[in-house]
Amino acid sequence: MARSKLSVAGVADEASSSRYRLDEQVGFLMRIAMQRHTSIFTANMIEGLTQTQFAALAKLYETGPSSQNQLGRLIYLDAATIKGVVDRLSARGFVTALSDPKDRRRRAVTLTDEGRRVTEAATKVAGKITTQTLTPLTATEQRTIAALLKKLG
């Protein structure tokens, strides 16, 4: 697959052009970058964790116990998807999800001791995955892309 180089001027020029070039579209380029990152993540992450499972564990580690719905909001997942993620992590013994005695519709999710151990190990690997993903970029470019992606989110 041929990769095209984009300059800031190239993006602006393309936006005003009537000729559509897929290889120069931001969404397409972001998908290619995400595919690269996903490949690196899958090849290196421990315990067979998916990106979504890792995000849930990392956020629980960072914030502490959370309602299932709040956890989903924190990692940008809908209610049905976070339920599946929590169920799979629970089945593996990484989290517990207990019903709130005051509101049976609400589930409180927390890391188990095993989940905490796995998350601590996984976050070390995740740092290496980020480094590998960003290797083609200079340090300045790495800071810039992180800032720009945060702005888009």
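Here are the numbers for this structure:
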{"quantity": "The chain: most fluctuating residue of Leu22, Leu74, Leu98 per GNM, C-alpha cutoff 10 Å", "calculated": "Leu22"}
{"quantity": "Mean shadow area of region 48-125 over all directions, Cα convex hull, nm²", "calculated": "4.8"}
{"quantity": "Top of Lys124, Lys102, Lys59 by mean-square fluctuation, Gaussian network on the chain, Cα under 10 Å", "calculated": "Lys102"}
{"quantity": "Partner lysines for Lys59 [C-alpha distance under 21 Å; skip if fewer than 8 residues away on the same chain]", "calculated": "Lys83, Lys124, Lys128, Lys150, Lys151"}
{"quantity": "Fraction of alpha-carbon pairs over 14 Å apart in region 97-153 - percent", "calculated": "72"}
{"quantity": "For the chain, built as a Gaussian network whose Cα springs stay under 10 Å, the top-fluctuating residue of Ala126, Ala58, Ala33", "calculated": "Ala33"}
{"quantity": "Separation of the Thr50 and Glu120 label points, Cα + 7 Å toward Cβ, nm", "calculated": "2.7"}
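Computed from the coordinates by the stated procedures, all read-outs in this text should not be read as laboratory data. Bear in mind that the values here come from a model prediction, so they are computed numbers and not experimental data. All Cβ positions, glycine included, derive from the backbone under ideal geometry; neighbour counts span all protein chains shown.
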